[in-house]
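Below is one structure, written out as structure tokens, with a few remarks after it.
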Amino acid sequence: MVEFLDKKTIRMDKVLNKLDKLVLDFTSILKKYSDYVIVSGYVSILFGRSRATEDIDLLVPKMEKDVFFKLLKDLNKKFECLNSSNPESLYEDYLCNKTAIRFSYKNKPIPNIKFKFAQTQVDYESLKQKICVRIGVKELFVSSIELQIAFKEQVLGSDKDIEDAEHLKTVFEKNLNILKLKEYERLLRK
Amino acid sequence: MSEWFDNEKNRQERLRFVRFWAKYVREHPDKEWSKQQKDLIDSQF
């Protein structure tokens, strides 16, 4: 029973699972350094979909190298990067090369956070139209529901994605902006 | 349709359950559905 406080804020009172805890833990550090948005499968899971996932997709606007190094140092207190321990390589060879890097709790590779710089128009739209989800005193930012549905149906299209989209459509039946959804569907079909 | 497995029927049945569960989520208190979701997700890690 998700509750909209306004068009861009949702309040939930859910019992946190391991994925929720990982996301809230990670973003509590990330938010000190950067804007971010969570996209794809975890958005459906946050709102109740009955499945797990091994990774959570997270987008950030491209950040300066020194900011990334500070973020990495802070994250390393609790998390480890699964790709490399070399900050320079993570920034230059991966992130600036349009490749995601993954973070997990130390010595626990799954589940993990797939961290990537925004690159495409859809990525920037996700950041621009993000919504805030409040769970108790904590909060996190996820992609707009309409964009998630359209992207999963029009671009990804696997059985799992269609089911994720169907879940969101049913849960948010009374709150969806149908015009916005149609517009995203039109843009993504191109 | 394969002689061994009807993929389309399976897909439709799965979608029916997805809608059933999503409606449950929509109509029940967060604590109620999320406890069940937590049991399912946490058991996999």
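Any read-out appearing in this document is the output of simple, stated calculations on the displayed coordinates, not a laboratory observation. Keep in mind the model is a prediction, meaning the values are calculated, not measured. Positions of Cβ are backbone-derived with ideal geometry, glycine not excepted, and every protein chain shown enters the neighbour counts.
Values computed for the structure shown
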item: Residue match in the range A:5-23 (condition: under 15 Å from A:SER126 (Cα atoms) and assigned to a helix (DSSP H, G or I)); result: no
item: Residue match in the range A:41-53 (condition: surrounded by fewer than 16 Cβ atoms within 10 Å (Cβ to Cβ) and touching a strand residue (DSSP E or B) at 6+ places or on another chain (Cβ under 9 Å)); result: no
item: Members of the range A:125-139 that are surrounded by fewer than 16 Cβ atoms within 10 Å (Cβ to Cβ) and touching a residue at least 24 places away in the same chain (Cβ under 8 Å); result: A:CYS132, A:ARG134, A:GLY136, A:LYS138
